[in-house]
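Since the structure comes first, as structure tokens, the remarks are kept for the end.
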């Protein structure tokens with residue numbers, strides 16, 4: 001079940017489906033849902049060396065996730081992304 005605060009990992013190449021999740025939160029929950037975009041993903045085991053998942057999210061990956069949240073209408077992003 002969704003709660004008022006949501007946290008999800010930003011994966012390389014938008015593999016986390018950020019746009020779908022952001023639209024759902026903004027439309028079905030509330031555009032005021034607090035969002036914390038996290039870039040803590042670390043590739044391990046079989047994914048190491050994979051061209052899409054084999055690296056940590058880059059600054060552009062994270063910026064894209066934040067822009068995607070804002071474009072979906074979400075207004076309460078973690079303070080690191082204020083502005």
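The values are calculated or read from the model by the stated rules, or taken from the named source; none is laboratory data. Everything numeric in this text was worked out from a predicted model, so none of it was measured. Quick reminder, even Gly has a Cβ in these numbers, built from the backbone with ideal geometry, and neighbours come from all protein chains shown.
A single entry from 52, 46, 42 fulfils the requirement of being at pLDDT 75 or above, loosely packed, with under 13 Cβ neighbours inside 10 Å and outside any loop (DSSP other than H, G, I, E, B): 46. State yes or no: is residue 71 farther than 15 Å from residue 16 by Cα, exposed (fewer than 14 other Cβ atoms within 10 Å of the Cβ) and at pLDDT 85 or above? For residue 71, the condition - farther than 15 Å from residue 16 by Cα, exposed (fewer than 14 other Cβ atoms within 10 Å of the Cβ) and at pLDDT 85 or above - is met.
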